[in-house]
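A.B. asks: This structure is in structure tokens; I'll ask about it shortly.
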Amino acid sequence: MTMLRHAAAIAAKDLRSEFRTKESINSTLSFSVVILLLFSFAFDPSPDMIAEFGGGLLWMVFAFAGALIVNRSFARELPNDCIDVLVASPASGASLFLGKAVACFVLLFGIECICLPVFGIFYNITWWRSLWALLGVLALGTWALACVGTFFSALTVNLRLRELMLPMLLYPMLIPALLSVMMLTNTLLTGQALPPDFSVWLRLLVGFNIMFTTLSVYLAETILVR
Amino acid sequence: MSAPAVAAAGVWKYFGDYPALRDVRFDLGAGECLALLGRNGAGKTTLLRIMGGLSGTSKGDVLIDGCAVRASETRARIGWLGHSIGLYDELTARENLRTFGRLYGVTAATVSEWLQRVNLTHVADAPVREYSRGMRQRLAVARAFLHGPRLLLLDEPFTSLDDKAIALLQGLLTAARAEGVTIILSTHQIREAMELASFVALLDRGKLAHFGERTAEMLNDPGYLYRTFGSAA
């Protein structure tokens, strides 16, 4: 319970800081909308083409936008050495990690919820046919991005080239989760009947989340205390 | 016999091949105030960071009241004031203290009380980025004292403080000592440190060149310690 209370305090602080400065929100939102807009003009896709790559396009945008958010996660603690005060506090490394991952998740999921209708308008898609299932899959994919991203954000926070290092470490690690969530999103966006391999991709995504959440929580203390 | 408030047992710390700390050993009793002195790069901050649980040792161990530093209960008893203020510029003073207060289980009433003690009540709801340097330092002091720590680790706490802030901090430290709080402070301001300290440690290139009670000579002559125990001695 104490760990969750500490994690909630960290998440609330991160969200309050972000909503006050809007550093990540503004850049991520404008980046996402502009990419969706540009691609819709560049390809002028037909409904069949959207059924083919709609999920991929959406998650490509979310993955790049997500890097902007997770990059700030631990970097936010660098001015005034706030990271030292957090590490010296009774909050464990695991609760710091969880709090920051939850804050990233909330920000990313909020941006995805804004981007979905924009995507629907630009690409002429009735995306809400399987709304709850789609939101569930988005939440699972977003947690994968937030969890692994926060972990690598902690790992690279003291590096001079962290903006470069974070995507280099993050994207290869995310490939299984991105593959799964793209396939699942594709199916749900087009409103087709669920294919037989749907549950395989879903289990892969859930398994990925369980494995990386456990690993990150376990290793957070070692990463933060050097 | 109870365990010492702080016990360093053969602490070594390497950065690559370079030994920043070399076999540092001392015991400090509860309620004592240790002035940690040494030239730049002597290892004062490294030792303080290890005692605060911010960094691990390469060899040896530090125990606080007989417990491991990284135990959550131990960290709840430590107050940390580093080189920087450790506060979020975009949040207000009250939000900063409430955030850290939640981590230590401190109530909103205690936060208000500390804002009053450091004379920041009138600007408590303004963002910290709008504060003057002195105000930021006072808020940092409130943050370090907020949860009633039993061990205070202060890294050059008098640096960049104005007269009023130095007086405030000295008053708080004197009151804390009277309540039996153990204090370890690293500093280059020897006179201020000697007025507070009951013990003095001199680090010289990572080695503990001297550890002992503060004497009258040290209080009267700020150069005495370096002349007598420093590497040039």
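A.B. asks: Against the condition more than 14 Å from every other protein chain (Cβ to nearest Cβ) and buried (at least 17 other Cβ atoms within 10 Å of the Cβ), how does A:Ser40 come out, does it pass?
C.D. replies: So A:Ser40 fits the description; yes.
Matching residues to (1) more than 10 Å from chain B (Cβ to nearest Cβ); (2) touching an Asp or Glu at 6+ places or on another chain (Cβ under 8 Å); (3) aliphatic (A, V, I, L, M):
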site	(1), (2), (3)
A:Ala67	yes, no, yes
A:Ser73	yes, yes, no
A:Phe122	yes, no, no
A:Ile125	yes, no, yes
A:Ser130	yes, no, no
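A.B. asks: Here is a follow-up. Being within 10 Å of chain B (Cβ to nearest Cβ) and either exposed (fewer than 13 other Cβ atoms within 10 Å of the Cβ) or polar (S, T, N, Q) (or both) is the requirement here; does A:Thr28 meet it? Walk me through how you get there before you give the answer.
C.D. replies: Numbers: within 10 Å of chain B (Cβ to nearest Cβ): no; either exposed (fewer than 13 other Cβ atoms within 10 Å of the Cβ) or polar (S, T, N, Q) (or both): yes.
Criteria not met by A:Thr28.
A.B. asks: Identify all residues within region A:177-226 that are within 14 Å of chain B (Cβ to nearest Cβ) and in a loop (DSSP other than H, G, I, E, B); write none if there are none.
C.D. replies: Filtering region A:177-226 for residues within 14 Å of chain B (Cβ to nearest Cβ) gives A:220-226.
Answer for region A:177-226, where residues must be within 14 Å of chain B (Cβ to nearest Cβ) and in a loop (DSSP other than H, G, I, E, B): A:Val225, A:Arg226.
This table checks each residue for (1) among the hydrophobic types (A, V, I, L, M, F, W, C); (2) closer than 30 Å to B:Ala7 by Cβ.
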{"site": "B:Gln116", "(1), (2)": "no, no"}
{"site": "B:Leu120", "(1), (2)": "yes, no"}
{"site": "B:Ala124", "(1), (2)": "yes, no"}
{"site": "B:Arg129", "(1), (2)": "no, no"}
{"site": "B:Arg138", "(1), (2)": "no, no"}
{"site": "B:Arg150", "(1), (2)": "no, yes"}
{"site": "B:Thr174", "(1), (2)": "no, yes"}
{"site": "B:Gly180", "(1), (2)": "no, yes"}
{"site": "B:Ile184", "(1), (2)": "yes, yes"}
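A.B. asks: Something else: Mind checking which residues of region A:114-146 are part of a helix (DSSP H, G or I), of a type outside the set (A, V, I, L, M) and in contact (Cβ under 8 Å) with a residue 24 or more places away in the chain?
C.D. replies: A:Cys115, A:Phe119, A:Phe122, A:Tyr123, A:Trp127, A:Arg129, A:Ser130, A:Gly141, A:Thr142, A:Trp143, listed by residue number.
A.B. asks: Among the residues of region A:47-54, are any buried (at least 22 other Cβ atoms within 10 Å of the Cβ) and either within 9 Å of chain B (Cβ to nearest Cβ) or within 11 Å of the chain's Cα centre (by Cα) (or both)?
C.D. replies: Checked region A:47-54: no residue is buried (at least 22 other Cβ atoms within 10 Å of the Cβ) and either within 9 Å of chain B (Cβ to nearest Cβ) or within 11 Å of the chain's Cα centre (by Cα) (or both).
A.B. asks: Here is a follow-up. State all residues of region A:119-170 that are aliphatic (A, V, I, L, M) and farther than 29 Å from A:Arg76 by Cα; if no residue qualifies, say none.
C.D. replies: A:Ile121, A:Ile125, A:Leu131, A:Ala133, A:Leu134
A.B. asks: Give, as residue ranges, the strands (runs of 3 or more DSSP E) completely inside region B:11-124 that count at least 1 residues that are more than 11 Å from chain A (Cβ to nearest Cβ), more than 21 Å from the chain's Cα centre (by Cα) and more than 26 Å from B:Leu169 (Cβ to Cβ).
C.D. replies: B:18-28, B:59-64
A.B. asks: Given the conditions (1) without any contact (Cβ under 8 Å) to a residue 40 or more places away in the chain; (2) closer than 17 Å to A:Ile83 by Cβ, report the number of the one that B:Leu48 does not fulfil.
C.D. replies: Condition not satisfied by B:Leu48: (1).
A.B. asks: Considering only region B:193-217, state which residues are within 14 Å of the chain's Cα centre (by Cα) and not in a strand (DSSP E or B).
C.D. replies: Selection gives B:Ala193, B:Leu196, B:Ala197.
A.B. asks: A:Cys115 - would you say it is within 14 Å of chain B (Cβ to nearest Cβ) and at pLDDT 90 or above?
C.D. replies: Details: within 14 Å of chain B (Cβ to nearest Cβ): no; at pLDDT 90 or above: yes.
For A:Cys115, the condition - within 14 Å of chain B (Cβ to nearest Cβ) and at pLDDT 90 or above - is not met.
A.B. asks: Give region A:30-51 a look and list any residue that's touching a residue at least 12 places away in the same chain (Cβ under 8 Å) and part of a helix (DSSP H, G or I), or say none.
C.D. replies: Within region A:30-51, the subset touching a residue at least 12 places away in the same chain (Cβ under 8 Å) is A:31-33, A:35-37, A:39-40, A:45, A:47, A:50-51.
The answer is A:Phe31, A:Ser32, A:Val33, A:Ile35, A:Leu36, A:Leu37, A:Phe39, A:Ser40, A:Pro47, A:Ile50, A:Ala51.
A.B. asks: So which of B:Arg117, B:Arg70 ends up being assigned by TED's automatic domain parsing to the domain that holds B:Leu172 and surrounded by fewer than 20 Cβ atoms within 10 Å (Cβ to Cβ)? Steps first, answer last, please.
C.D. replies: Details: B:Arg117 fails: assigned by TED's automatic domain parsing to the domain that holds B:Leu172.
Of B:Arg117, B:Arg70, the one residue that is assigned by TED's automatic domain parsing to the domain that holds B:Leu172 and surrounded by fewer than 20 Cβ atoms within 10 Å (Cβ to Cβ) is B:Arg70.
A.B. asks: Let me ask you something else. Taking the condition of being in a helix (DSSP H, G or I), among the polar types (S, T, N, Q) and surrounded by fewer than 20 Cβ atoms within 10 Å (Cβ to Cβ), how many residues in region B:137-184 meet it?
C.D. replies: Step one: of region B:137-184, the residues in a helix (DSSP H, G or I) are B:137-145, B:163-178.
Cutting the leftovers down to among the polar types (S, T, N, Q) gives us B:137, B:170, B:174.
Then keep just the ones that are surrounded by fewer than 20 Cβ atoms within 10 Å (Cβ to Cβ); that gives B:170, B:174.
Of the residues in that region, 2 qualify.
A.B. asks: Sticking with this structure for a sec: Would you tally the residues in region A:52-89 being assigned to a helix (DSSP H, G or I) and of a type in the set (Lys, Arg)?
C.D. replies: So the answer is 1.
The values are calculated or read from the model by the stated rules, or taken from the named source; none is laboratory data. No experiment lies behind these values; they were computed from the predicted model shown. Cβ coordinates were reconstructed from backbone atoms using ideal geometry, including for glycine residues, and neighbour counts include every protein chain displayed.
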